[in-house]
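Everything on this sheet refers to the single structure shown next.
The values are calculated or read from the model by the stated rules, or taken from the named source; none is laboratory data. The shown structure was predicted, so the numbers you read here are calculated from the model rather than taken from an experiment. Positions of Cβ are backbone-derived with ideal geometry, glycine not excepted, and every protein chain shown enters the neighbour counts. Surface accessibility is based on the protein's heavy atoms, side chains included, excluding ligands, DNA and RNA. Shrake-Rupley method; radii C 1.70, N 1.55, O 1.52, S 1.80 Å.
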Amino acid sequence: MRAGRTLLFLTFWPVLLLALFTLSIAYWSLSSIKNHSIDLHKKQLHDLNIVQEAAEFSQEIGQVHQKVSDAIANAKLKKLSEIQLYTLHTQVVDELEALTERVNLLVQSDLLQEVNHGNVLPLQQEFQAYRQFIIMATDIIAIDTGVAQDYVQKAQQNFVQFSLYIQRITHLLAQRTEVRNSQEFATQEQFLYGIVGASLAGLAMILALVVFFSGFISRKILYIADALSAMAHGSTHAQIEMLNIKKMHADDNGEFGRIAGALLNFHEAIERRKEAEAEAFQLAFYDPLTKLPNRRLLIERLEYSMSLNHLSGQFGGVLLFDLDDFKVINDSQGHQAGDQLLLELAGRLTKLAKGDNHIARVGGDEFVWTLESLGLEKTHAATKAEQLAEALRETLNQPYEINEVRYFSTPSIGIVLFNGTNEPVDELLKQAETAMYNAKSNGRNCLSFYDPFMQQALIARATMEVELRAAIEHSQLELFYQVQVNQHQSAIGAEALIRWNHPERGLVSPADFIPLAEETGQIKAMGAWVLATACQQLRCWQNQPLTAHLTLAVNVSAKQFKEAGFVEQVIAVIKKTGIAPQKLKIELTESTILDNVEEAIQKMRQLRELGVKFSLDDFGTGYSSLQYLKRLPLDQIKIDQSFVRDIADDPDDAVIVKTIIAMSNALGIEVIAEGVETKAQKHILKQKGCNFYQGYWFGKPCPINEFEDALG
């Protein structure tokens, strides 16, 4: 019995010793891991506290900066008295003095000395420069808000440098955390190897405990490291990493929970700093009320636009305008109503400006609209700028709804063109302002160019536009008729040509008013009048034996032909006048037809079924394709006078004319030559196969009575 107990003891003792040794090693290993981890955590917590202090210091600087910026904005609006401003100065000086002591403590910390190799002088320099500019700004704010704003903007640069310095510290901290993590893993690995060598029996249990413990800690450390790295680099994954930190803060009441709380506070401080920087940028370059660019940003954009125009050779423009009655509204209804009006105006301007054009607010009710890529030709650029200015004036003339009350306000607009970088931006804006005041002196609610010669040309154009509208309404237009003959010089018809019989200037050349009518859209009403008058004349000719056989050609513009109801308009005129449709010939240019071939063919076929004839005017000057030409229901091709003029002297023109005639004969289309002024031209054309003519050699355009007398 005793031997059995001894054997049992001898057998159990080594096992017990091994178990005790294993437990001792395990206890020592776990204790060492714990102590090492606690030391590491304390160091990291100390580092985070330092960084949090720096972040809170940065946040407090931002609050001081915001307080000064708000004071400047209120001072501009006369909302703060001088006493309040000087009180603010004293408060800011005291706050900055307290912050100076804190920054001195901050730069003396071991963390900043270690991560920045002892070089903390730039941090103190940036803060001292920032402190100096802010104190100077609050000291002068009551005297000159503009100078104070400049000091604040300079201080903003030092604030940004300070923030970048803090970010650099955060980045270095993340790197140091990664190094410590690596050391932590190496230490744990050594402990694990020791446990394996000491006792294989306890390896599984100890390994499981160590892996579990180290994995638990490492996972949290990695969360912290990842969050620090994401914040330091401004990573887009920072928000995702912070979700893990928030969960750690909620689940862990120990050191990791406190570290997570510190990280959350630090992240919040960074976000507040970013918001402060964005707000500072907004205040520096944008108008606080309308959110439109301010004068500073306008000048930068305008300088860039001028450099682009210098390279491209195109003209640009500046439209400077203000509201004529804004002061009355502001004084009678209060500044709140005035602000609401400016906000609605800014919304309209934003919708109106497109592409590379920019709108900026440069004063109380003064705005600038920059125009780019107006064209290579100055007159065209001025016309385009005028059109945009008129669109602007029409937009701003619409009533404003403020507190269920309608207000009206009109703009006075000054326009100046530029091309290149020779003109300083400030001088350009002064010229635009001069033009604006000229618009005010001319009665307001109008526009004025700085260039006096361009202004005179636009005034003349505007005058002619009004007079042309009156000419249509008061029957000042008149049709002249130019005879068309065959090879025997017998009259076969005529072309109706419009003339403007101005009550003061007499007959106005079509070259002076037709382009204007095309541009303004008055050509539609003018074309309708020509068509109706020509058909009435055809009706008269049909009743006279001498003229019953004559056809009458009428020119139709592209805008008139493209109208949806053009075919119905022609049919209505034919029915109303009762003419034979075969006597009416509609002349179209190549560009009118080829702009939309399918639509043109459809309209031509509808009218040709009634008997109306079609002539292709100015043939050879455009880009006619034989493929399209053979599809068009044409009765006649008119050889342009530019080929007829030199047909006797230029072999190329003679070849072109011969080709046109041969092609037309092959397609079964009649050919008529216009601009025939000499007997030699007529002879050559006849030799080439052309049997119908029109030109001064046979008769000039003349009133109807002279035309009919020449027939008799």
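Exposure check, 1.4 Å probe, all protein chains in place: L376 carries approximately 120 Å² of accessible surface. Ranked from largest to smallest solvent-accessible area, with a 1.4 Å probe on the protein heavy atoms, K430, K378 come out as K430, K378.
The residues F614, F698, sorted by heavy-atom accessible surface at 1.4 Å with ligands and nucleic acids left out, run F698, F614 from largest to smallest. Protein-only accessible surface at a 1.4 angstrom probe places the residues R393, R539 in the order R539, R393, largest first.
At the residue level, M136 shows approximately 60 square angstrom of accessible surface with a 1.4 angstrom probe and all protein chains present. Residue pairs exceeding 31 angstrom between C-alpha atoms, taken from K430/K559; K327/K351; K440/K524: K430/K559; K440/K524. The figure for T145 is an accessible area of roughly 40 square angstrom, using a 1.4 Å probe on the protein chains alone. The Cβ shell under 13 Å around L616 holds other residues with a net charge of -3, Lys and Arg each +1, Asp and Glu each -1. For the set K562/K583; K378/K603; K384/K630, the pairs lying more than 27 angstrom apart at their alpha carbons are K378/K603; K384/K630.
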